[in-house]
Amino acid sequence: MNLSQKEKYQQTEQDIDLYVEAHTSPEPDYLKEVFRNTNLFTINPRMMSGHLQGRLLKMLVELTGAKKIIELGTFSGYSALAMAEGLPQDGRLTTIEINDEMEDFIRRQFATASHGKKIDLIIGDALQIIPTLTDSYDIAFIDADKRLYWQYVEALIPHLHINSLIIADNTLWDGKVLISNPSPADRQTHSIKSFNDRIAADPRFEPVMLPLRDGLTLIRLVTKL
Ligand SMILES: C[S@@+](CC[C@H](N)C(=O)[O-])C[C@H]1O[C@@H](n2cnc3c(N)ncnc32)[C@H](O)[C@@H]1O
């Protein structure tokens, strides 16, 4: 069978993904279980971080010595658990999810994993919840509504300190950020493009965009002024 150029490219991409995972520290069994449950019982499992990104998030928590983390967009709890794994025993992670239909599922995943004890789940709209929080966070993982990333950053800044790390997921948005004139109806692409441009131009931030998975931008808060 002759493979088309596109098929060959996709095959190479899949082979690279397998190679990368094989040369990354293994996914722990409890996260394999969350991955499996998410695939079995949720409609859009592609939203979940998964093995490679999960290991990177855990390592970033450990390397920064973070003790307080906030996550916007819990979905099935995979990324929250991966980050909680990197926290010390007295560390806390607050995660906010708007979809109350996911609550029972998420709480079950947190209850069966030992690091779940470090996590506080809040069901609600992140933009409404953030101003009610009183903590300061070392890491903020932004992975909720793609149309609101800039508003999330602005709302989070009072709860961050110099050198806090903001991690924004899906910043390549399936490559659509390269479209120069996205359809006016495609608000997510417009918003992610505008978010990326604003973060890159704003002297308060030092961003590094990683072409990992769907794009993961690491943003150091340099100044609040
Ligand atoms: C991409 S998924 C999160 C995936 C998860 N962080 C992971 O990596 O495994 C995005 C989630 O954000 C939630 N979400 C969307 N808008 C939100 C909002 N305004 N506040 C809180 N959560 C929101 C969605 O319901 C969805 O579960």
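Read-outs: derived from the displayed coordinates by stated rules, not from any lab. Only a predicted model underlies this, so the values are computations on that prediction, with no experimental measurement involved. Every residue, glycine as well, gets a Cβ built from its backbone with ideal geometry; the counts of neighbours run over all protein chains shown.
Going through segment 208-225 one residue at a time, which ones are of a type in the set (Lys, Arg) and under 13 Å from the mean Cα position of the chain (by Cα)?
Going residue by residue through segment 208-225, those that are of a type in the set (Lys, Arg) are 213, 220, 224.
Hit for segment 208-225 is Arg213, nothing else.
For segment 154-181, a residue qualifies if it is under 18 Å from Ile98 (Cβ atoms) and either out of contact with any Phe, Trp or Tyr (no Cβ under 8 Å at 6 or more places or on another chain) or not in a strand (DSSP E or B) (or both), and the qualifying residues are Ala155, Leu156, Asn170.
When the residues of segment 21-47 are narrowed to those that are hydrophobic (A, V, I, L, M, F, W, C) and under 19 Å from the mean Cα position of the chain (by Cα), which ends up farthest from Ser79 (Cα to Cα)? Walk me through it before giving the result.
Here is the first cut: in segment 21-47, the residues hydrophobic (A, V, I, L, M, F, W, C) are 22, 31, 34-35, 40-41, 43, 47.
Then keep just the ones that are under 19 Å from the mean Cα position of the chain (by Cα); that gives 31, 34-35, 43, 47.
Numbers: Leu31: 9, Val34: 10, Phe35: 10, Ile43: 17, Met47: 10 Å.
Here the answer is Ile43.
Yes or no, residue by residue, for (1) under 22 Å from Leu56 (Cα atoms); (2) crowded, with 18+ Cβ neighbours inside 10 Å; (3) of a type in the set (Lys, Arg):
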{"position": "Asp104", "(1), (2), (3)": "no, no, no"}
{"position": "Lys117", "(1), (2), (3)": "yes, no, yes"}
{"position": "Asp120", "(1), (2), (3)": "yes, no, no"}
{"position": "Glu154", "(1), (2), (3)": "no, no, no"}
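Residues in segment 68-79 include at least one that is in contact with an Asp or Glu (Cβ under 6 Å, 6 or more places away or on another chain) and more than 9 Å from the ligand (Cβ to nearest atom). In segment 40-67, of all residues being without any contact (Cβ under 8 Å) to a residue 24 or more places away in the chain and within 12 Å of the ligand (Cβ to nearest atom), the one that is farthest from Leu156 (Cα to Cα) corresponds to Ile43.
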